[in-house]
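Everything below concerns the one structure shown next.
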Amino acid sequence: MTASTTDGVRIEAADGLLDVVLTAGDGGNFVSNAAGAAIAAAVEGIDDGIRLVRLRAEGRDFCRGRVSPTPPPGAPKPPLEVLRRVVAEAPLRVYGALRAAPVPVLAVVRGAAHGYGAALVAASDLAVAAETARFAVPEMERGIPPLLVLTAFTGRVGEKAAAHLALGRSEIGAREALAIGLLGEVVPEAELDAAAERLTRTVLASPVPALRAVKAYLAATRPVPAGAPALAANLIAGVLADR
């Protein structure tokens, strides 16, 4: 087994499974750019022995968002290129890596999955959640357009549902998240670990060529439109530069 720990994330590889665990725990598992870079690098560097990427978290919540690199309103602004790279391109790399991984990605969700957390779930191919899990896209509360989350939602969550989450700012439960395509399975809280383990074992028992063929098909038929990530990054950088 190989393992590494970086700034709130633990990454372990063993027996065909790449396990990515958010470890900030009851602090809400906010993901820093450093943690995101570690996740992206691990997924981008998957070797032929890996059959599944599993994304899960310690503590009450899956992920309540990211450690914000955004300057507060009125603060001196870095150059537009820096805003684009630090604020937008860093999380886009993570979502893109999960969607482009050569093998399936499974998200295991309990508690809150807000903003960045909801995007991680959407970017995964498989997602099982406790029926008590909650999902929201609250970025507009801070005057930040949630275009990065919407990029992760593309092809995974219905357009009207995504718009309601982004603009309406309402928190939804696991059953509603299942109905709009953000989740694939919802189970009682007490059964989440067992359900995730069953799904993990089922995927790991599948032939590698078949797994990779399914993932390749999903990636090809649910793509993010060319230019959409760059557009999202440019728009967000422009909004932040004008605050």
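The values are calculated or read from the model by the stated rules, or taken from the named source; none is laboratory data. Every value quoted in this text rests on a predicted model; they were computed, and no experiment measured them. Cβ sites come from the backbone with ideal geometry, for glycine too, and all protein chains shown count toward neighbours.
Observations, loosely collected:
- Listed conditions (1) farther than 30 Å from LYS77 by Cα; (2) surrounded by fewer than 20 Cβ atoms within 10 Å (Cβ to Cβ) are all met by GLY143, apart from (1).
- Contacts under 6 angstrom Cβ, first residue in the stretch 52-79 being modelled with pLDDT under 95 and surrounded by fewer than 23 Cβ atoms within 10 Å (Cβ to Cβ), partner charged (D, E, K, R) and in a loop (DSSP other than H, G, I, E, B), 6 or more apart: PRO71/LYS77; PRO73/ARG243
- Extreme residue, farthest from GLY158 (Cα to Cα), among residues of the stretch 206-229 that are among the hydrophobic types (A, V, I, L, M, F, W, C) and loosely packed, with under 14 Cβ neighbours inside 10 Å: ALA210
- Exactly one residue out of ALA122, ALA162, ALA177, ALA127 is outside any helix (DSSP H, G or I) and either among the small types (Gly, Ala, Ser) or exposed (fewer than 15 other Cβ atoms within 10 Å of the Cβ) (or both): that is ALA127.
- Cβ-Cβ under 6 Å pairs, at least 6 apart or on other chains, the stretch 215-243 side closer than 19 Å to ALA88 by Cα, far side loosely packed, with under 13 Cβ neighbours inside 10 Å: ARG243/PRO73
- Meets criteria (part of a helix (DSSP H, G or I), at pLDDT below 95 and either surrounded by 15 or more Cβ atoms within 10 Å (Cβ to Cβ) or within 19 Å of the chain's Cα centre (by Cα) (or both)) for ALA237: yes
- Taking each residue of the stretch 6-34 that is closer than 22 Å to VAL86 by Cβ and looking for partners that are modelled with pLDDT of 95 or more and of a type in the set (Asp, Glu) with beta-carbon atoms closer than 6 Å, six or more apart or interchain, yields GLY28/ASP61; ASN29/ASP61.
- Considering (1) free of Cβ contacts under 8 Å to residues at least 12 places away in the same chain; (2) over 24 Å from SER68 (Cβ atoms), the lone condition that ARG212 does not fulfil carries the number (1).
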